[in-house]
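**Q** Take a look at the following structure, please.
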Amino acid sequence: MDRRLRSGDISLALEIPPGFARDLERGQRVQIGAWIDGAMPQRAETVLGYVQGLHQQWLVDQIQARTGLAPTSLVDVEARYRYNPDVKSLPAMVPAVIPLLLLMLPAMLTALAVVREKELGSIVNLYVTPVTRTEFLLGKQLPYVALAMLNYLLMCLAAVTLFGVPLTGSFTALTLATLLYCLCSTGMGLLASTVTRSQIAAIFFTMLGTMLPAVQYAGLINPVSTLEGAGRWIGEAYPASHMLIISRGVFNKALGFAELQAQFWPLLLAVPVILGVSIALLRKQEK
């Protein structure tokens, strides 16, 4: 059994001890070992759900056999989904894909803004003019923020018309959150461009700094509350975590400013932090 679990041939092994039926008939406490391969957590959770379901059904059958009464005739439990009642994938994924695209695309475009001038040599204009680093970076950032907001409007239109996902909450709240979020994502691109010297390095740095944390730690697949250690800290601080909550809340739960205000503060604080680090790392003169 252990060898087959180790090799991955099976995902579940049931170990029934000797004398199980005899002890059960005598009313003694019995145990069955259920060994689940936890190397793949999602599959393991699914298998565990099936095992628990089989156990519950066995208990129901035992009660019915001994008392003649079906527990379902005494208690009727009916599960209903409060949001997304049809349990469709589009209402769950479309609001989550929008923040991912608004993180990756603006960041990658902005990452090329400064490093391109380094490669071409036109960065010397910054060195010989009285333009400050703040003015230079803001001038590079704002056009891409405007472009990202245009992409946001087009994605919302596509979500409602092409994918049939209704926007039930406050569009104003979603737009304001998106503006703050785009400032964060373009700021990450500026940060990548200030610490690199080539466009390939800037794109690579941006991909690592945006998509990897967004997919693994921002709550796209698993809630941030289920993470532990450093992953939990990254998830709590990363802007995409809060934008995912806002996007899903506005699209699926009809939420507005009052319910989502706690998610706005991290976005608002992240804007000056990311931009401030980018300004601090951009040299006004090459060594």
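The values are calculated or read from the model by the stated rules, or taken from the named source; none is laboratory data. Note that the coordinates shown come from a computational prediction; the quantities given were computed from them, not determined experimentally. A quick note on method: Cβ atoms are made from the backbone with ideal geometry, for glycine too, and the neighbour counts reach across all protein chains shown.
**Q** Only one of ARG26, ARG4, ARG22, ARG43 is more than 28 Å from ILE221 (Cα to Cα) and under 36 Å from the mean Cα position of the chain (by Cα). Can you tell me which?
**A** ARG4
**Q** In segment 191-216, what count of residues is obtained for those that are out of contact with any Phe, Trp or Tyr (no Cβ under 6 Å at 6 or more places or on another chain) and not in a helix (DSSP H, G or I)?
**A** Number satisfying all stated conditions: 3.
**Q** Take ALA254 and decide whether it is within 30 Å of GLU135 (Cβ to Cβ), surrounded by 14 or more Cβ atoms within 10 Å (Cβ to Cβ) and of a type in the set (A, V, I, L, M).
**A** No: the conditions fail for ALA254.
**Q** Could you list, in sequence order, all residues of segment 20-61 that are assigned to a strand (DSSP E or B) and either of a type in the set (A, V, I, L, M) or exposed (fewer than 12 other Cβ atoms within 10 Å of the Cβ) (or both)? Break it down into steps so the answer makes sense when it comes.
**A** As a first pass, look at segment 20-61 and keep what is assigned to a strand (DSSP E or B): 33-36.
Of everything in segment 20-61, those that are assigned to a strand (DSSP E or B) and either of a type in the set (A, V, I, L, M) or exposed (fewer than 12 other Cβ atoms within 10 Å of the Cβ) (or both) turn out to be GLY33, ALA34, ILE36.
**Q** So, one more: Return the pair list, or none, for Cβ contacts closer than 9 Å from residues in segment 136-147 that are more than 14 Å from LEU103 (Cα to Cα) to residues that are aliphatic (A, V, I, L, M) and not in a helix (DSSP H, G or I), at least 6 apart or on different chains.
**A** PHE136/LEU282; LEU137/LEU282; GLY139/VAL131
**Q** Provide a single number: the residues in segment 238-287 that are without any contact (Cβ under 8 Å) to a residue 24 or more places away in the chain and of a type outside the set (S, T, N, Q).
**A** Residues in segment 238-287 being without any contact (Cβ under 8 Å) to a residue 24 or more places away in the chain and of a type outside the set (S, T, N, Q): 11 in total.
**Q** Kindly establish whether PRO272 is assigned by TED's automatic domain parsing to the domain that holds LEU102 and over 19 Å from ILE98 (Cβ atoms).
**A** Considered against the rule, which asks whether it is assigned by TED's automatic domain parsing to the domain that holds LEU102 and over 19 Å from ILE98 (Cβ atoms), PRO272 comes out as yes.
**Q** Tell me the residue from ALA173, ALA148 that is in the same structural domain as SER122 (by TED's automatic domain parsing) and either of a type in the set (Lys, Arg) or under 23 Å from MET108 (Cβ atoms) (or both), please.
**A** Being in the same structural domain as SER122 (by TED's automatic domain parsing) and either of a type in the set (Lys, Arg) or under 23 Å from MET108 (Cβ atoms) (or both) holds for just one of ALA173, ALA148, which is ALA148.
**Q** Next up: Out of all the residues in segment 247-261, which are within 12 Å of the chain's Cα centre (by Cα) and under 17 Å from CYS182 (Cβ atoms)? Explain how you work it out, then say what you get.
**A** The first filter runs over segment 247-261 and keeps only residues within 12 Å of the chain's Cα centre (by Cα), leaving 247-248.
SER247, the sole residue that qualifies.
**Q** Out of all the residues in segment 1-41, which are at positive phi and modelled with pLDDT of 80 or more?
**A** Passing the criteria: only GLY19.
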